[in-house]
Amino acid sequence: MAEVHHRSLDRLTEIAERLREHLDADAVEDIKVHNGELTVTVRREALSDAMRYLRDQERFEMLVDATAVDYAPLRGEPRFEVIYHLLSLSQRVRLRVKVQVRSDDAWVPTVCPIYPSANPYEREIWDMFGVRIEGHPNLKRILTYDEFPGHPLRKDFPLFWQPGMSLGTTEERYEEW
């Protein structure tokens, strides 16, 4: 079992290196293995090319998930990471692709033309984190209502906010609870 896992990781590392060779020299920012999983961090400008290459050349047929992380209290900029999880059924391997974005320029290009399954995940990223998805065919809120103020999974969103409250008071509300 450990040998099969090791071969999969070797295969993924080779795929990541081929991706690096395919894209511009600085398009791949990082290739990292953690807990037996491979993550490739690419520049925002290279995201579409990277995803198209992984689908067409490396046979990652499915985008199975996309999400974002807000690292506001843990580090400075770039504050957000947008993360795509790809699956190759034919090779039986998974790959994670990340893009880091700054809070003052929080957007990524849509990957819906490449992976249509990204549609609801990208809407959720917009709704929950406020990271704009440029070129998305239907970018509107998916989990909150249209008039919802802010984006509830941002670290600066008030912890105990309720409809009708301003977004400015968080710690005082915590004391009241």
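Points to keep in mind about this one:
- Summed over the residues of the chain and divided among them, the accessible surface reaches 58 Å² per residue at a probe radius of 1.4 Å.
- Over segment 1-134: Rg over Rh, Cα atoms, Kirkwood Rh: 0.96
- Contour minus Cα-Cα distance for Asp26 and Thr13 (0.36 nm per residue): 2.9 nm
- Highest mean packing comes first when the peptides 96-104, 13-21 are listed by Cβ atoms within 10 Å, giving 96-104, 13-21.
- Low-density loop cleavage sites - GluC sites (Glu not before Pro) in segment 118-164, where at most 10 other Cβ are within 10 Å (DSSP): Glu147
- Amide hydrogen neighbours beyond the local backbone of His136, cut-off 5 Å, H modeled: Thr110
- Relative to the dominant Cα principal axis of the chain, helix 47-56 is inclined by about 40°.
- Compared with the alpha-carbon gap, the fully stretched path from Asp105 to Tyr71 is longer by 10.7 nm at 0.36 nm per residue.
- Computed from backbone phi, the HN-Hα couplings of segment 75-89 come to 8, x, 8, x, 6, 10, 10, 9, 10, 10, 10, 10, 10, 9, 5 Hz, rounded to whole numbers (Karplus: 6.51 cos²θ - 1.76 cosθ + 1.60, θ = phi - 60°; Gly and Pro given as x).
- For Arg141 and Ser117, a Förster radius of 25 Å and the Cβ-Cβ distance give a FRET efficiency of 0.85, rounded to the nearest 0.05.
The values are calculated or read from the model by the stated rules, or taken from the named source; none is laboratory data. The structure displayed is predicted, hence computed values, not measured ones. Glycine also receives a Cβ, built like all others from the backbone with ideal geometry; neighbour counts cover every protein chain displayed. SASA here: full protein model, heavy atoms, side chains in, ligands and nucleic acids out. Shrake-Rupley method; radii C 1.70, N 1.55, O 1.52, S 1.80 Å.
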